[in-house]
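Asker: A single structure is presented below for examination.
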Amino acid sequence: MLEQLLIFTRGGLILWTCKELGNALKGSPIDTLIRSCLLEERSGAASYSYDAPGASYTLKWTFHNELGLVFVAVYQRILHLLYVDELLAMVRREFSEIYDPKRTVYNDFDETFRQLRREAEARAEELKKSKQTDKPVNNKKKQGQVQKAGSDKGSKESKGSLATDGGDGDKAKGHKLENGHSNGNHVEMEEPRAGVVNGKENTSSNISAFDVSKLQKRIKGGKKTDTVVNKGSKPDPKKKATKKNRVWDDAPPETKLDFTDPVDGNGSGNDNIEVVAANQGESMMDIEEIISSDSEGEVDDNVQKDSKPEAKKKGWFSSMFQSIAGKANLEKEDLEPALKALKDGLMTKNVAEEIAEKLCESVAASLEGKKLASFTRVSSTVQAAMEDALVRILTPRRSIDILRDVHAAKEQRKPYVVVFVGVNGVGKSTNLAKVAYWLLQHNVSVMMAACDTFRSGAVEQLRTHARRLQIPIFEKGYEKDPAIVAKEAIEEATRNGSDVVLVDTAGRMQDNEPLMRALSKLIYLNNPDLVLFVGEALVGNDAVDQLSKFNQKLADLSTSPTPRLIDGILLTKFDTIDDKVGAALSMVYISGAPVMFVGCGQSYTDLKKLNVKSIVKTLLK
């Protein structure tokens, strides 16, 4: 049963809802659809699933782009209603005829909807009955085919068994039956047997020209060589003894070459290293980036290049007349060439293929049925729609002002906790130090927590950054539970009055379940204010896999009913990618989390904000 059908404008004004349909919806499926699907350029999908306490809904929608209307149908997910798509199309057609922009109440549409609903349900019933009547005939045909196949197989097997007893005449008959022609006293029966074993019948007359047995021998031979290579490449466990230094009789006792500083009982090292980076100047986070307008001309040049194939297809007069008069309505076929060029362009900028395809589908859904203005090309219209979509995706939906959140936490007399997570080797510790330097520039007291107790040298690396920046560090060495270390660090920061605690964690691959479980425990136990995912700007398709699996593991392995997911993204190595900036778009699209910091160098000042306009212009260049 249909739960709800709603008609509203793109501005959010509800024009009509069906008053006869069921009870009130549980949760807020319409609001969630608008927030997480329509506004996030995921409207190219066929449907959207919404889970609420006690109910699970499926939502389907369609647009009238020329009038700016949205039609949404909601029904229980367990019910597979066949008529919803057809009903939405009929409602869209009928409502567009009576729509008036100055009118906000459409009570007279109730009777029209009842008739449309009865028609759609009747057609769905007829279709269901026709499928049921067709099923017995199809089953009989299938049974007959199965029986025939079984009898053929039985006859082949019996003939094969006779052939093994030594009857040459039976071999010839079997070859005649399977290949469709007699071949005299043909003795080789390997090819038909291989076909029967594989469950396929060879009906071609030229199939005997290919010897399957030789191919199988080659495959077996290849496997043997592979196994030999693998056996030879195994290391010898006996050769693990390490070389020892020679000890002379009159030599002094050997000292261990360990240059790391000792750690006292409070978890902090002594400060013997010279402070060389206490002040390296103003961080790039506080410098406004100026965008040049040179890229606009390049965009126009690309638009003209994209429109050349269209000019070849159409005559000069027809294209000129259409540009003056404007096209009636844009269709999917008109948008496909421009969308394909945009998709290829996005993929060359390192956008994941899946994301580029979904974006193009969403732009097509938003433009289909719209009227093309005079003196406007289809490619430029598609380009403008894609630019709006990219700006909407990359613009943060919530405040990313960390300094304001730090002062709010300070008023509550508790430290602001930031946890840095990510895969191996992306630069978590280095960019943690950059964030610490930026906070110090704004007179915020910072403490580092060395919770990477897994990687050798991680504590020493963070200790070096702490000494250079002259900030305290909390450490407990290696092979400790990182969740407990983080908890003790937060307690220490509360006692000392530190404003911010920056928690460094071990790098882990998204498929490593033990380490992901430890990370989930750390986040659940300490409830940080911000979970930052540190990712490389170099990755393409892997960005989707990393972020989606990190979020999935944090949700699945958490013991909380409302698990904490990734709140923000820190992009590193942004200075090494030139114009391949697509990773930022892929990460934001797949997670919905904003890019809060961008690492663009190796010094403490090389940290800046993401410039959305610059990224969009680079993507469409």
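The values are calculated or read from the model by the stated rules, or taken from the named source; none is laboratory data. All of these numbers come straight from a predicted model, not from anything done at the bench. As a convention, Cβ positions derive from the backbone with ideal geometry for all residues, glycine included, and neighbour counts pool all protein chains shown. Just the protein is used for accessible areas: all its heavy atoms, side chains included, with ligands, DNA and RNA removed. Shrake-Rupley method; radii C 1.70, N 1.55, O 1.52, S 1.80 Å.
Asker: With a 1.4 Å probe and all protein chains in place, put Arg404, Arg117, Arg495 in order of accessible area, largest first.
Answerer: Working: Arg404 135, Arg117 50, Arg495 165 Å².
My answer, sorted largest first, is Arg495, Arg404, Arg117.
Asker: Quick check: with the 1.4 Å probe, what order do His407, His442, His64 take by accessible area, largest first? It would help to have the intermediate numbers written out before the result.
Answerer: Values: His407 95, His442 65, His64 25 Å².
Putting His407, His442, His64 in descending order of accessible area: His407, His442, His64.
Asker: Using Cα-only point scatterers and the Debye equation, what is log10 of I(q)/I(0) for the stretch 2-126 at each q in 0.09, 0.15, 0.17 Å⁻¹, rounded to two decimals?
Answerer: Taken in order of the listed q values, log10 I(q)/I(0) reads -0.24, -0.69, -0.90.
Asker: Still on this structure, I have one more. Net charge around Thr58, counting only other residues with Cβ within less than 13 Å of its Cβ (Lys, Arg = +1; Asp, Glu = -1)?
Answerer: Details: positive: Lys60, Arg77; negative: Glu3, Asp51, Asp85.
Net local charge, Thr58 excluded: -1.
Asker: Report the local net charge at Glu411: Lys and Arg +1, Asp and Glu -1, summed over other residues whose C-beta lies under 14 Å from its C-beta. Working shown, then result.
Answerer: On the way: positive: Arg404, Lys410, Arg413, Lys414; negative: Asp405, Asp499, Asp529.
With Lys, Arg at +1 and Asp, Glu at -1, the net is +1.
Asker: For Phe474, list long-range residues whose amide hydrogen, built 1.01 Å from N in the peptide plane, is under 5 Å from its own amide hydrogen.
Answerer: Met448, Ala449, Ala450
Asker: Over the heavy atoms of Asp108, what accessible area does a 1.4 Å probe trace out, to the nearest 10 Å²?
Answerer: That residue has around 90 Å² of solvent-accessible surface.
Asker: Calculated FRET efficiency, Met509 and Glu357, Cβ-Cβ r, R0 25 Å, to nearest 0.05? If you can, show how the numbers build up before the last one.
Answerer: On the way: r = 26 Å, r/R0 = 1.04.
Once the sixth-power term is evaluated, E becomes 0.45.
Asker: Another question, if that's okay. Taking the Cα centre as origin and putting +1 on Lys and Arg beta-carbons and -1 on Asp and Glu beta-carbons, what dipole magnitude results for the stretch 402-613, to the nearest 20 debye? Show your work: numbers first, answer last.
Answerer: Values: 25 positive and 24 negative charges, 79 e Å.
My answer is approximately 380 debye.
Asker: What would the Debye formula give as log10 I(q)/I(0) at q = 0.16, 0.22, 0.26 Å⁻¹ for the alpha-carbon point model of the stretch 1-74, no solvent?
Answerer: These q points yield log10 I(q)/I(0) values of -0.55, -1.06, -1.43.
Asker: Could you give the size of the charge dipole of the stretch 2-126 about its Cα centre, using +1 on the Cβ of each K and R and -1 on the Cβ of each D and E, expressed in debye and rounded to the nearest 20?
Answerer: Working: 15 positive and 19 negative charges, 66 e Å.
My answer is approximately 320 debye.
Asker: Considering only protein heavy atoms, what is the solvent-accessible area of Glu368 at a probe of 1.4 Å, reported in Å² to the nearest 10?
Answerer: Accessible area of Glu368: about 80 Å².
Asker: Does the stretch 402-613 come out rounded, prolate or oblate, given a ≥ b ≥ c as the square roots of the eigenvalues of its C-alpha gyration tensor, rounded meaning a/c under 1.5 and, failing that, prolate meaning a/b above b/c?
Answerer: Working: a/c = 1.43, a/b = 1.16, b/c = 1.23.
Because its axes are fairly even, with a/c under 1.5, the stretch 402-613 counts as rounded.
Asker: Okay, next question. Just to confirm, what accessible area per residue do you get for the stretch 489-530 at 1.4 Å probe, in whole Å²? All intermediate terms of the calculation are to be shown ahead of the outcome.
Answerer: Numbers: 1750 Å² over 42 residues.
Result: 42 Å² of accessible area for each residue.
Asker: Non-local amide H neighbours of Val351 (under 5 Å, H modeled in plane, Pro and chain starts lacking H): which ones?
Answerer: So Val351 has HN proximity to Gly582.
Asker: Among the listed pairs Lys60/Lys573; Lys521/Lys617; Lys26/Lys371; Lys410/Lys617; Lys60/Lys102; Lys549/Lys613, which are separated by more than 31 Å between their Cα atoms?
Answerer: Those over the limit are Lys60/Lys573; Lys521/Lys617; Lys26/Lys371; Lys410/Lys617.
Asker: Oh, and also: Report the local net charge at Ile569: Lys and Arg +1, Asp and Glu -1, summed over other residues whose C-beta lies under 13 Å from its C-beta. Present the calculation step by step, with values, prior to reporting the outcome.
Answerer: Values: positive: Lys428, Lys609; negative: Glu536, Asp567.
Its environment carries a net charge of 0.
Asker: Follow-up. Trypsin sites (Lys or Arg not before Pro) within the stretch 1-107: which are DSSP loop residues with at most 15 other Cβ atoms inside 10 Å? Before the final figure, lay out the partial values.
Answerer: Numbers: sites: Arg10, Lys19, Lys26, Arg35, Arg42, Lys60, Arg77, Arg92, Arg93, Lys102, Arg103; in loops: Arg10, Lys19, Lys26, Arg42, Arg77, Lys102, Arg103.
Taking the stretch 1-107 and a limit of 15 other Cβ atoms within 10 Å, the loop trypsin sites (Lys or Arg not before Pro) found are Arg10, Lys19, Lys26, Arg77, Lys102, Arg103.
Asker: Would you mind getting the accessible area per residue of the stretch 39-101, heavy atoms of the protein chains only, 1.4 Å probe, in Å²?
Answerer: Details: 2850 Å² over 63 residues.
On a per-residue basis, 45 Å².
Asker: By its C-alpha gyration tensor, with a ≥ b ≥ c as the square roots of the eigenvalues, how is the stretch 329-394 shaped: rounded for a/c under 1.5, else prolate for a/b larger than b/c, else oblate?
Answerer: Details: a/c = 1.89, a/b = 1.72, b/c = 1.10.
Prolate.
Asker: Still on this structure, please answer the following. In terms of the Cα gyration tensor, with a ≥ b ≥ c the square roots of its eigenvalues, is the stretch 528-570 rounded because a/c is under 1.5, prolate because a/b exceeds b/c, or oblate?
Answerer: Here the stretch 528-570 falls in the oblate category.
Asker: So how far apart, in nm, are the two label points at Thr376 and Asp100 if each is 7 Å from Cα heading toward Cβ?
Answerer: So the label points at Thr376 and Asp100 sit 2.6 nm apart.
Asker: I need to check one value: relative contact order of the stretch 2-126, counting alpha carbon pairs closer than 8 Å and at least 6 residues apart, in percent.
Answerer: Details: 155 pairs, mean separation 30.7, N = 125.
Relative contact order for the stretch 2-126 comes out at 25 percent.
Asker: Moving to a separate point now. So what are the ³J(HN,Hα) numbers for the stretch 349-354, from phi and the Karplus equation (6.51, -1.76, 1.60; θ = phi - 60°), rounded to whole Hz, Gly and Pro as x?
Answerer: 8, 6, 6, 4, 4, 4
Asker: So, one more: Please list the non-local residues whose amide H lies under 5 Å from the amide H of Thr572, H modeled 1.01 Å from N, same-chain partners needing a gap of 5 or more.
Answerer: Gly535, Glu536, Ala537, Gly599
Asker: Ok, one more. At 0.36 nm per residue, minus the direct Cα-Cα distance, what do Lys609 and Gln552 gain on full extension? Give it in nm, one decimal, please. Walk me through the numbers before you get to the answer.
Answerer: Numbers: separation 57, 0.36 × 57 = 20.52 nm, distance 2.71 nm.
Contour length minus Cα-Cα distance gives 17.8 nm.
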